[in-house]
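The structure appears right after this line, and notes come after that.
Laboratory data are not the source of any read-out in this text; all were calculated from the coordinates shown. A quick note: this is a predicted structure, and the numbers were derived from the prediction, not measured. Reconstructed Cβ throughout: ideal geometry from the backbone, glycine too, with neighbour counts over all protein chains shown.
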Amino acid sequence: MREILYKDALVEAMREEMERDEKVFVMGEDIAIYGGAYGATKGLYEQFGEERVRDTAISESAIVGAAIGAAITGMRPIAEIMYIDFITQAMDQLVNQAAKMRYMFGGKTTVPMVLRTEGGAGRCIAAHHSQSLEAWIMHAPGLYLVMPSTPYDAKGLLKASIRDDNPVVFIEHKMLYAMKGEVPETDYIIPLGVADIKKDGSDVTIVAYSRQLHVAMEAAAELEKDNISAEVIDPRTLKPLDLDTILTSVKKTSKLVIVSEGYKTGNVASEIAMLVMEHGFDLLDAPVKRVCAVDVPVPMSPVLEDAAIPNKQNVINAVKEVCQ
């Protein structure tokens with residue numbers, strides 16, 4: 001199977017869906033002529049023109065508001081917020097409008113929009129361009145939340161998100177855009193709400209997503225040297241969450257470590273841990289461990305940034321604690 005970049009997998013997904021359905025269009029800051037801050041819309045403007053690939057003003061509230069309006073009148077917009085840190089400027093539109101319209105109108109309207117954005121640390125661009133705020137999105141009823149970790153998942157999940165009739169927040173990690181991976185040339189989708197077991201194991205379950213999935217995989221490889229077999233699960237979508245796959249794994253391993261790049265307080269890992277406690281407490285032989293970012297604004301210093309976010313050794317230490 002061919003290997004392509006994560007960002008090119010995203011472009012392919014959008015191109016194929018725009019060719020399949022003329023109601024699909026793309027909008028956002030610098031996504032047209034420039035091709036996106038990270039090249040994730042490159043070439044679409046040349047193929048589809050300014051009617052369907054629209055540069056917008058630097059106004060996140062306007063971008064999301066316009067996308068909602070387009071969605072409820074029959075279009076399928078893919079709107080981009082350049083950094084998830086700036087989603088704060090559009091929380092009213094996203095959380096009070098997009099998320100609730102289907103409910104408020106008694107199911108008489110749908111909001112088939114995708115809000116693409118990117119988050120996470122790794123480039124030393126400080127506290128306003130490096131956060132992982134997915135827990136905020138997970139908290140709001142009515143929003144779907146997707147965070148792919150590989151080019152294969154990115155393409156299949158984005159295509160599924162574009163076809164869905166609910167508002168989907170699709171978060172990419174800035175450090176994954178240049179990652180290569182196998183992606184079929186044939187048309188395929190990955191259903192929302194289906195986790196993937198990236199590595200089989202028997203001693204401990206590690207749940208990790210987005211960039212931290214790769215950190216967890218590196219940790220699992222190191223743990224094998226100490227005869228600790230880790231099963232690594234990528235939820236792929238945090239909402240809906242495939243809790244059954246996680247519980248099935250915990251039933252086998254009896255131990256759970258959850259890895260997330262978000263701040264530790266109010267983290268996605270906390271919700272997953274509580275769900276496992278509520279639905280599978282008797283399956284556990286040790287307390288659930290969370291490996292998360294430190295509760296500080298993401299530093300600009302490379303050394304401090306590395307210290308603030310989870311790394312391979314953090315995961316190894318957590319696993320060894322629950323396996324004692």
Euclidean distance of C-alpha centroids, region 1-59 and region 155-169, integer Å: 15
Helix-derived mean residue ellipticity, 222 nm - over the chain, DSSP H n ≥ 4, -39500 (n - 2.57), to 500: -10000 deg cm²/dmol
Working out 0.36 nm times the residue gap between Thr88 and Lys251, then minus their Cα-Cα distance, what length gain in nm do you get to one decimal? 54.8 nm
Is there a quick way to get the dipole size of the chain? I mean about its Cα centre, with the Cβ of Lys and Arg at +1 and of Asp and Glu at -1; what is the value in debye to the nearest 20? 360
Just to confirm a number: summing +1 for Lys and Arg and -1 for Asp and Glu over residues other than Gly262 whose beta-carbon lies under 13 angstrom from that of Gly262, what do you get? -2
Cα centroid of region 64-78 to Cα centroid of region 301-324, whole Å: 41
How would you classify the chain from its alpha-carbon gyration tensor, with a ≥ b ≥ c the square roots of the eigenvalues: rounded for a/c under 1.5, else prolate if a/b is greater than b/c, otherwise oblate? prolate
Tilt relative to the chain, helix 312-322 - C-alpha long axis, 0 to 90 degrees, to 10: 50
Using the Cα centre of the chain as origin and beta-carbon charges of +1 (Lys, Arg) and -1 (Asp, Glu), tell me which of Leu275, Gly201, Met179 is placed farthest towards the positive end of the dipole. Leu275
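Could you tell me the relative contact order of the chain? Use alpha-carbon pairs under 8 Å, at least six residues apart, and round to a whole percent.
That works out to 16 percent.
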For every other residue with a beta carbon closer than 13 angstrom to the beta carbon of Tyr152, add +1 if it is Lys or Arg and -1 if Asp or Glu, then tell me the sum. -2
Which FRET efficiency value, to the nearest 0.05, is calculated for Lys108 and Glu22 with the Förster distance at 22 angstrom and r the Cβ-Cβ distance? 0.35
Measuring from the longest principal axis of the C-alpha atoms of the chain, the long axis of helix 268-280 (C-alpha) lies at a number of degrees, nearest 10, equal to 60
Determine which lysines satisfy two conditions relative to Lys42: a Cα distance under 19 Å, and not lying fewer than 8 residues away in the same chain. Lys7, Lys155, Lys159, Lys174, Lys180
Tally Lys and Arg at +1 and Asp and Glu at -1 over the other residues with C-beta under 15 Å from the C-beta of Asp282: what net charge comes out? +1
List the lysines whose Cα sits under 24 Å from the Cα of Lys255, skipping any in the same chain fewer than 8 residues away. Lys198, Lys199, Lys225, Lys239, Lys264, Lys289, Lys312, Lys320
The chain: most fluctuating residue of Gly142, Gly120, Gly74 per GNM, C-alpha cutoff 10 Å: Gly74
Using only the alpha-carbon atoms, how far is helix 6-20 inclined from the longest principal axis of the chain? Give it as 0 to 90 degrees, nearest 10. 40
